[in-house]
Protein chains: 2
Amino acid sequence: MSYFKFEIIHKSKKSNARVGRIFTPHGVIDTPSFVAVGTNGAIKAIDSKLVSSIGLQLMFCNTYHLILQPGVDVIEKAGGIHKFINRDLPIITDSGGFQVFSLAYGSVANELKNKGTKKTDGTVLKINEDGVVFRSYRDGKKVVLTPESSVQAQKKIGADIIIPFDELPPFHTDIEKLKKSLDRTHRWEKRSLDEHLKDKKNQAMYAVIHGGINEELRKESLDFLTKLAFDGFSIGGSFGKTKEQMFNMLKFTLNLLPKEFPCHLLGIADLVSINQVLPLGIDTFDSSYPTKAARHGLALTKKGPVKIMKGENATNFSPIENDCSCWCCRHYSLSYLHHLFKASELSGLTLSSIHNLHFMVEYMKDYRLKILDDQI
Amino acid sequence: MSYFKFEIIHKSKKSNARVGRIFTPHGVIDTPSFVAVGTNGAIKAIDSKLVSSIGLQLMFCNTYHLILQPGVDVIEKAGGIHKFINRDLPIITDSGGFQVFSLAYGSVANELKNKGTKKTDGTVLKINEDGVVFRSYRDGKKVVLTPESSVQAQKKIGADIIIPFDELPPFHTDIEKLKKSLDRTHRWEKRSLDEHLKDKKNQAMYAVIHGGINEELRKESLDFLTKLAFDGFSIGGSFGKTKEQMFNMLKFTLNLLPKEFPCHLLGIADLVSINQVLPLGIDTFDSSYPTKAARHGLALTKKGPVKIMKGENATNFSPIENDCSCWCCRHYSLSYLHHLFKASELSGLTLSSIHNLHFMVEYMKDYRLKILDDQI
């Protein structure tokens, strides 16, 4: 019996959007699906069992953070990430590459702003063909991350879907350097896959397609990676500086991607982008935006985001959304939420996070229905 | 039908401890009972509905904080505190006096340390026979708190049990000043009661017995207050500098208190003190200690407190307590909790708070059984 399967239920007549199902050892993911980010093996401000009750099917954890705290050996000893955090639903981990290269080149946002002038803070000690050496921000110890060690770490963590180690080149890179980086990424992804295939442990591996906003390189990446035995694909690397660049790159890339594989979009945030790019055929996408927005007092609703701390909400005794069935809306008024935020009460962060995750789950349910109905 | 009643079920043969029931418009409180503090109308890190599921019967809210945020008019408009925070169980509010006089004289802890030398920070503008004028730390507006306005605020809040306005004299006060303060407190409590009796609104009012650690003054306070139509009594004012002083004062005071009324101990913290003073006949006592300890990584157990962040807990895959039925212990290991605290995840604070409140609820259940069995 296969531990991983992707099934397309319906292809829209209007776009490349499709409704499908991803089968994993920890259950089904109905696609297209929003994937919440729980960096440290925890969705911020909500405990695992409560997260499960929201109906969120896939959760994204970050290998870089888990290596540093609690350490992958602790997670292995606990019996894997599902047992460690007590989650019976699917989990995906990344390779750690994105975070390490953010340390080296600065975060994506900063880097775009600073035109590539931001220097490394010395945390990353060495980058070569073998991999990366960096210092733990927790205890100062040297950590070696290679394609093989990243996959081994992800084996110990034991998520349902894992990701090969890749290099994240800075956005402000000339084409030759980008090409060199792409070639290395491909060698690293191949090494990651080889390491993975030695002992699959019921995990699926999604390749990461790179190439920045250069169509030739994206095609080269697709050509290289689709020839290997990956279970699915994800789209990574630089998405450009504007939404238009991102949209054009995704359109180009998804058109060339074999349709029978699930496709994950790495780290895409706002609802506007989601609505633009999902019709291109994205099956899953992860984002910390809904939970981060919640903690900043922004509640997502069908009529647009609601600023919880806005003065008028002090006496708004309705829930965030009248027809919302989430724990927060069933039990509390905007007025009380407004008060909790004003009084810096932690439960406000929990309640707004629950609402926003529930909103995304419901939003994607509706979205799937619309695809089934060929409206999208 | 009476909205408030106190019923004694059993008096211990071994001490003055008793098991009883307090009936309120929002349900029964089994006594002796631990009262959790939810200053802003929220137990820190746990939402109201989750708090109710823990079985905590009485919750303490602070009028001073609620006056400043969200304002008592908002709570009244919401239909009262129970509706505002969505709690179907009993609530008690204080008068605001304690906080205002802490502003004037410094907090109890600081004041004990500083030998009365701490000066006011200018927040309190005026203290006279009428009441107190202070500035809101939120918007700088002047707020007048008198016996009448405190009771009116507590009427708008609408808790099941309310407390008359009193003066909290500094610990380092000579006997003459203490006597003067006591007389004023008595006049203020009488004015509070008069204001309350104009329109009871199904609320009960507990007097606050003062007198510091001076037995003569405590007796004077008892004599004055027990002649008035209060529904119960609470013990306030200075408890002295040592546990021994507190114990002796409470023993003296409780011996003189009419036994047919419920007696509340204001703000007593640790389990050691609780075990010492409950046998004197305390029926309810409030403390922020269990939730504060939880947020600082201290889990209460039958074998003593457990430091969640202790190194050895990193790989302790048992729950905090094996036989504990709380949400935290049913679902998560100490190892995961340790990780959540190390990774500064908010859900760690929620889970440890749930455990500690549940511990207190169970602790008091056991305590009542022991009284029924004349073991205490």
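Points to keep in mind about this one:
- Residue in the stretch B:344-361 that is nearest to A:Ser353 (Cα to Cα), counting only those that are surrounded by 19 or more Cβ atoms within 10 Å (Cβ to Cβ) and without any contact (Cβ under 8 Å) to a residue 40 or more places away in the chain: B:Ser347
- A:Ser287 falls short on exactly one of the conditions (1) over 23 Å from B:Ala78 (Cβ atoms); (2) surrounded by fewer than 19 Cβ atoms within 10 Å (Cβ to Cβ); (3) among the small types (Gly, Ala, Ser), and that condition is (2).
- Residues of the stretch B:355-376 that turn out to be under 18 Å from the mean Cα position of the chain (by Cα) and either aliphatic (A, V, I, L, M) or assigned to a loop (DSSP other than H, G, I, E, B) (or both), as a count: 4
- Selection status of B:Ser95, more than 12 Å from chain A (Cβ to nearest Cβ), assigned to a loop (DSSP other than H, G, I, E, B), in contact (Cβ under 8 Å) with a residue 60 or more places away in the chain and crowded, with 24+ Cβ neighbours inside 10 Å: yes
- Tabulated pairs, the stretch B:79-91, first facing another protein chain (nearest Cβ under 8 Å), second assigned to a loop (DSSP other than H, G, I, E, B) and polar (S, T, N, Q), C-beta under 9 angstrom, 6+ apart or interchain: B:Phe84/A:Ser333; B:Asn86/A:Ser333
- Test: residue in the stretch A:29-41 that is under 16 Å from the mean Cα position of the chain (by Cα), facing chain B (nearest Cβ under 9 Å) and within 20 Å of B:Phe317 (Cα to Cα): yes
- Within the stretch A:145-178, being at pLDDT below 95 and outside any loop (DSSP other than H, G, I, E, B) holds for A:Ile175, A:Glu176, A:Lys177, A:Leu178.
- Considering only residues in the stretch B:230-245 that are of a type outside the set (Val, Ile, Thr) and in a loop (DSSP other than H, G, I, E, B), the one that is farthest from B:Asn214 (Cα to Cα) turns out to be B:Asp231.
- Residues located in the stretch A:101-130, provided they are at pLDDT 85 or above, out of contact with any helix residue (DSSP H, G or I) (no Cβ under 6 Å at 6 or more places or on another chain) and surrounded by 11 or more Cβ atoms within 10 Å (Cβ to Cβ): A:Phe101, A:Leu125, A:Lys126, A:Ile127, A:Asp130
- Conditions (1) more than 23 Å from A:Leu280 (Cα to Cα); (2) buried (at least 22 other Cβ atoms within 10 Å of the Cβ); (3) touching a Lys or Arg at 6+ places or on another chain (Cβ under 6 Å); number of the one not met by A:Lys201: (2)
- Looking across the stretch A:282-314, just one residue is out of contact with any helix residue (DSSP H, G or I) (no Cβ under 8 Å at 6 or more places or on another chain) and among the β-branched types (Val, Ile, Thr), and that is A:Thr284.
- Being touching a residue at least 12 places away in the same chain (Cβ under 8 Å) and crowded, with 16+ Cβ neighbours inside 10 Å is a property that B:Leu193 has.
- Screening the stretch B:311-343 for residues that are assigned to a loop (DSSP other than H, G, I, E, B) and within 11 Å of another protein chain (Cβ to nearest Cβ) and picking the one that is surrounded by the most Cβ atoms within 10 Å (Cβ to Cβ) gives B:Tyr332.
- B:Gly304 away from chain A (no Cβ under 14 Å), free of Cβ contacts under 8 Å to residues at least 60 places away in the same chain and in contact with a strand residue (DSSP E or B) (Cβ under 7 Å, 6 or more places away or on another chain): no
- Selected residue (criterion: nearest to the other protein chains (Cβ to nearest Cβ)) from residues of the stretch A:47-71 that are in contact with a strand residue (DSSP E or B) (Cβ under 9 Å, 6 or more places away or on another chain) and part of a loop (DSSP other than H, G, I, E, B): A:Asn62
- Hits in the stretch A:272-307 (condition: assigned to a strand (DSSP E or B), among the hydrophobic types (A, V, I, L, M, F, W, C), over 13 Å from A:Met246 (Cβ atoms) and touching a Pro at 6+ places or on another chain (Cβ under 9 Å)): A:Leu298, A:Ala299
- Among the residues of the stretch A:258-271, some residue qualifies, meaning at least one is part of a helix (DSSP H, G or I) and outside the structural domain of A:Leu337 (by TED's automatic domain parsing).
- Given (1) assigned to a loop (DSSP other than H, G, I, E, B); (2) farther than 15 Å from A:Leu178 by Cβ; (3) touching a residue at least 40 places away in the same chain (Cβ under 8 Å), number of the condition A:Lys227 does not satisfy: (3)
The values are calculated or read from the model by the stated rules, or taken from the named source; none is laboratory data. Here the structure is a predicted model, which means the values were calculated and not measured. Note that we place each Cβ from the backbone using ideal geometry, even for glycine, and neighbour counts take in every protein chain shown.
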